[in-house]
């Protein structure tokens with residue numbers, strides 16, 4: 001993966017966590033580096049289509065309230081891939097991680113890696129909840145359809161339909 005894509009992906013993730021639009025980030029960045037970025041410039045940076053100066057990195061760090069090394073995190077911290085530093089120049093993921101955390105003490109390094117893991121876990125939980133909500137709505141619709149279909153086909157009495165509905169509601173309540 002290209003280093004610009006690593007930084008851009010982190011920039012987007014952190015910006016979204018802060019609740020900033022691309023326009024907001026570009027304007028806020030101007031307070032730290034002396035010139036604002038347009039929404040298009042922020043978008044290009046987040047997509048890895050822009051190089052970063054040292055001033056850009058420090059300004060992003062100040063604007064997003066993160067350390068500079070956090071901007072260099074690999075999306076998958078345990079990745080075994082390679083990071084492209086320039087045309088024809090690349091570094092293995094292990095060496096990359098060691099360089100990013102090189103000057104930090106062991107405690108800070110562990111905290112940064114735990115933070116990356118927690119953010120990854122949080123994103124997975126949000127995705128699972130969204131999928132669960134979609135599945136729950138679909139199941140509820142199927143359950144209601146089943147009860148009405150059984151009634152229409154006269155396969156169930158009113159009492160049997162009520163009992164089935166009650167059981168489905170109990171199961172739904174237990175699942176929450």
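Derivation of every value follows stated rules applied to the coordinates shown; laboratory data play no part. Because the structure is a prediction, the values reported are computed rather than measured. A quick note on method: Cβ atoms are made from the backbone with ideal geometry, for glycine too, and the neighbour counts reach across all protein chains shown.
Could you rank the peptides 85-96, 1-12, 17-28 by their average count of other C-beta atoms within 10 Å per residue, with the highest value first?
Values: 85-96: 12.2, 1-12: 19.3, 17-28: 16.2.
Answer by packing, highest mean first, reads 1-12, 17-28, 85-96.
Any idea how far apart residue 2 and residue 89 come out in nm if each label point goes 7 Å out from Cα toward Cβ?
1.6
Which whole-number percent gives the relative contact order of segment 3-103, counting Cα pairs below 8 Å spaced six or more residues apart?
30
Go ahead and run the numbers for FRET between residue 18 and residue 166, Cβ-Cβ distance against an R0 of 35 Å, rounding to 0.05.
FRET efficiency, residue 18 to residue 166: 0.15.
Give the span of segment 3-103's Cα atoms along each principal axis, as three whole-Å numbers ordered largest to smallest.
Principal-axis extents of segment 3-103 (Cα, largest first): 35, 25, 21 Å.
Please give the FRET efficiency for residue 55 paired with residue 127, using the beta carbon to beta carbon distance and R0 = 35 Å, rounded to the nearest 0.05. Could the numbers behind the result be given before it?
Details: r = 36 Å, r/R0 = 1.02.
Calculated value: 0.50.
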